[in-house]
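Notes follow the structure.
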Amino acid sequence: MPFLSYALFFTFFLTFKQLGGLPISQFLQKSHFYLKDEIFNHHQYCNESCGTLKVSFPFYINNSSCGWFNPHLSDSFKLTCLNSTSLFLNIDSQNYRVIEFFSDGVLVDFPGISNTCRSYNDLNSFGFGGNDCFGISNDNVIGLYDCEDSSLCKANCEANDLPGCDKNGNENGPVCCYPLSDHSVWHIGDKFNVFSKFECRGFSSWVVPRGMNSGKRGVKLEWGLPMNSSQEVCVVNAYKVNATTVKHGIRCICDGGFVGDGYVNGTGCLKSCFKDGKEEFGKDCEPRRHSKKKMIILAGVLTSALATASLLALLCLIKRSVKSTAYGSSHKPQFRSTLSFRKSCNTRLFTLNELDEATDGFSEGQKVMDSTCGGSVFTGTLKDGSQIAVQRVKCENEKDLMQVLARVELLSTIMHRNLAHIFGCCIDSGYTPMIVYEFPENGTLEDHLHKGKGEKISLDWYKRLSIAAQTASLLAFLQHEVSPPISHHNLKTSTIFLDQEYNVKVSCFGLFSSVELYNSDVYELGVFLLEIVSGSMHEDLPTIALQKIRDGKLEEIIDPLLYYHEQPPFRREQIDRVTDIATRCILFGGNGKLRMLDVARELVHITKDSIDGGSRRGPALEETFSNSSLLQMISVSPDSIYVP
């Protein structure tokens, strides 16, 4: 009696809302004693402090278990608290006073300086350039005094409200400023004395936090943990990013919906949610359990409601029987119509029972994708041992169903080595047709990019580059060589199958023409390329990547498992070029300014260079926009970026 279940559920819901809602919410408000900044107070991390500064991971003062523990590197993050007020970091026998901690770095003062208000410092006064754990951050802005050559001055940083002795309008203030993110004079690993060739008398340094226009005086040092370590660094709900200025250095960032620093030895990641207009964390985000007393009350109420529910169920069954008799004829045309659709499917016809058995009842464990455009996709094994992927597409009406079958028929006639073979379809489930694809040995690209921690990575840069070029080439073929043209509309790493030789088999197309209202294939390819380069499937990946590129921190989005800093120069250039193509696809793919044919041609050029071991840039995209104009567009108008 299905209706009985619904009636009981509805009665339970109303009763729970009446009895449990108000008292429980009041109780939780009284017991919610912590603030957001204090949610990790009982975590394993030590929460040391010195004066007003609270020490954050991986730094520590007294206890080595509080920070990144490594026999060779633990002292690198050790701090000294002087007179319980001032915190110092020792690097290369120099003590730097700590001013502030950031998630990716630490702001320090010049060594040996006690007076923070000074006109400027000698160019050799900050002799540190970088080591295995620290590097001078790109976020620093340099003020230069009395330079004989002002060609290095940049106008775009003069609008900042300068701190302390560098205040705007001060007659002793710098006549020009230079952001280290510019990289035209200063490069990663350089010391500040690189500006001496411009015959400057001295310099000051400050950092402008993102979203603000007022600076903080000091030098920001970026930090990173060693990549080549047997010790696991990030917790389960976090992912790794490369440090920008620390070679082989990485950091952790919590996934969306989680808060914390992301480190195993830090505060980790707690689930974040909103309940009753308040932000909750960790266990408070789990469904709330109720007391035994309330459950007894609920049981009593439900028992008294059982008779009423049974009567309602009986009435519903009677009414349903009458309705079925009155309108039963309306179902027959639909069944006959479904049978007539068999003529539209020229491939093998599978029965629903066959696919149900092959996919273990379409269980969640067999699901590899769930998309609003392409439907759900499940893997399975037929009785003859064939590995298959079953795409279930929900149609609203007969018109949608006929359209899907027409596209399946067209796809099944196309022969291309990078197109997944369509075995057949199933139309026994009404308006939910199922398309059956071959499922090759190596599964999906998503499986290889996002393997579990500790598993050996199988996709080196050459394989990733080849997969990108093959995918773009097939999409270009379908758009320019097939009539009528075919767009994918559902491009994801989960729709790219890989055979034994890691050759691409594109599958699981978006099969409705109404999908034209969504992203173009060129835009989706841009996101796809970013995922290949970064190894990340973060839903905000395009926004994050464009922001990192604008800030001059490209290395931070590159998959740490590609070991970017260890690659030869020509391969690093290839990674940069693919990232550049991805950026162009995102910026210009949605408005038709960039064709799939051009993108495919450029990726094929890069792949050929990879085989030859050279570094010749293909002409296709270079002629479209220059790097400088692209970066200018990102910097000047980030809000205009096409992100559907």
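Tell me which GluC sites (Glu not before Pro) from the range 221-284 have a DSSP coil assignment and no more than 16 other beta carbons within 10 Å of their own. Display every interim value, and only then the final one.
Details: sites: E222, E232, E279, E280; in loops: E232.
Here the sparse-neighbourhood loop sites are E232.
For the peptides 361-368, 130-137, 524-531, the ranking by packing is 524-531, 130-137, 361-368, with the highest mean count of neighbouring Cβ atoms within 10 Å listed first.
With an a/c value of 1.5 or above and a/b larger than b/c for the gyration tensor axes a ≥ b ≥ c computed over the alpha-carbon atoms, the range 230-285 is described as prolate. Let me make sure I get this right: for the range 373-484, a, b and c are the square roots of the gyration tensor eigenvalues over alpha carbons, sorted descending. Under 1.5 in a/c it's rounded, otherwise prolate if a/b > b/c, else oblate. Which is it? Oblate, because a/c is 1.5 or more while a/b does not exceed b/c. Within the same chain, aspartates and glutamates fewer than 8 places from K492 are excluded, and of the rest, those with a Cα less than 15 Å from its Cα are D370, E446, D447, D521, E524, E531, E539, D540.
Between the residues F258, V233, A243, the greatest Cα displacement towards the positive end of the dipole of the range 230-285, with unit charges on the Cβ of Lys, Arg, Asp and Glu, is found for A243.
Highest mean first, the peptides 578-588, 563-573, 481-491 sorted by other C-beta atoms within 10 Å per residue fall in the order 578-588, 481-491, 563-573.
Please report the net charge: other residues with Cβ closer than 12 Å to the Cβ of F134, K and R +1, D and E -1.
Working: positive: K220, K247; negative: D92, D104, D132, E222.
In short, -2.
When the C-alpha to C-alpha distance is required to be over 26 Å, the pairs from K247/K463; K394/K593; K505/K553; K240/K505; K78/K548 that qualify are K394/K593; K505/K553; K240/K505; K78/K548.
With K and R counted +1 and D and E -1, the other residues having a Cβ less than 15 Å from that of F362 yield a net charge of -4.
Give the relative contact order (percent, whole number) for the range 230-285; include only Cα pairs under 8 Å separated by 6+ residues. The normalised contact order for the range 230-285 reaches 26 percent.
No lab work stands behind these numbers, since they all come straight from the coordinates. Source: prediction; values computed, not measured. Every residue, glycine as well, gets a Cβ built from its backbone with ideal geometry; the counts of neighbours run over all protein chains shown.
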